[in-house]
Amino acid sequence: VIYSYPAIKVHSKIMHVKAEHNGIVQQYAYVGTGNFNEKTSKVYTDYGLLTANKRITKDINRVFEVLEGKIILPKPKKLLVSPFTTRKTIKNKILKEMENVEQGKEAYLIFKMNSLEDKEMIKMLYKASNAGVKIKLMIRGICCLIPGVEGMSENIEIISIVDRFLEHGRVYIFANDGQEKMYIGSADLMTRNLDNRIEVLVPIESEEVYTKIRTTL
């Protein structure tokens, strides 16, 4: 047991694997949206990415070095890591969608999460809606944003899915000027997930994996 950051809960669902094949060490990284729990895995729907992408495995290794107290900042290149880069990156990507609307480009956001509570993120989504960005949200539980209000959130649609299984996956999709950018991971848009927990979101760059998740959404 390693005691990490005081008062910071480790909420990420990550693995870093090193395996030796014929004398060559291969590294793998796993980033998921749900816990390794035999009970919840039978009733929750979640996503997980297992990859040998070297930039992602390097980032994952640095996250574990932070947890072990070896370094202070992970400085990820591919991953979004709370409380270090998640808030800033998502905010900048929303601002980019607003810029694209001004330039006459298609702009939209598709977010799926358990809860939406963070005040700054809600204000950003209201601003994006007023700028003309089309926003679709799938929120399973807590939602502090009011959709469909003229002059405030008329471009925002929200649904909550009630099904046989509990919808637990977090997915963030940005139109990105015709080249969609997708992230999955452990963080909801709640203040605690953005500022007070160790969380990890990973970009989905595999066309096959991206298509599976996008089709489901």
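The condition of being acidic (Asp, Glu) and over 9 Å from the mean Cα position of the chain (by Cα) holds for only one of Glu208, Glu199, that being Glu208. If the condition is being in a helix (DSSP H, G or I) and open to solvent by less than 40 Å² (accessible area, probe 1.4 Å), then segment 48-83 contributes Ile56, Thr57, Asp59, Ile60, Val63, Val66, Leu67. If we keep just the residues of segment 102-135 that are under 15 Å from the mean Cα position of the chain (by Cα) and among the hydrophobic types (A, V, I, L, M, F, W, C), which is most open to solvent (accessible area, probe 1.4 Å)? By that ranking, first place goes to Ile110. When we screen Phe84, Phe36 for residues that are modelled with pLDDT of 95 or more, under 25 Å from Met190 (Cβ atoms) and of a type in the set (Phe, Trp, Tyr), the only hit is Phe84. Of Ile159, Ile173, Ile142, all but one fail to be buried (at least 19 other Cβ atoms within 10 Å of the Cβ) and under 25 Å from Tyr44 (Cβ atoms); the exception is Ile173. Among the residues in segment 3-12, are any part of a helix (DSSP H, G or I) and not aromatic (Phe, Trp, Tyr)? No.
The values are calculated or read from the model by the stated rules, or taken from the named source; none is laboratory data. This is a predicted model, so every value here is computed, not measured. Methodologically, a virtual Cβ is constructed for each residue, glycine included, from the backbone with ideal geometry; neighbour enumeration extends over all protein chains shown. Note: areas computed on protein heavy atoms with side chains; ligands, DNA, RNA excluded. Shrake-Rupley method; radii C 1.70, N 1.55, O 1.52, S 1.80 Å.
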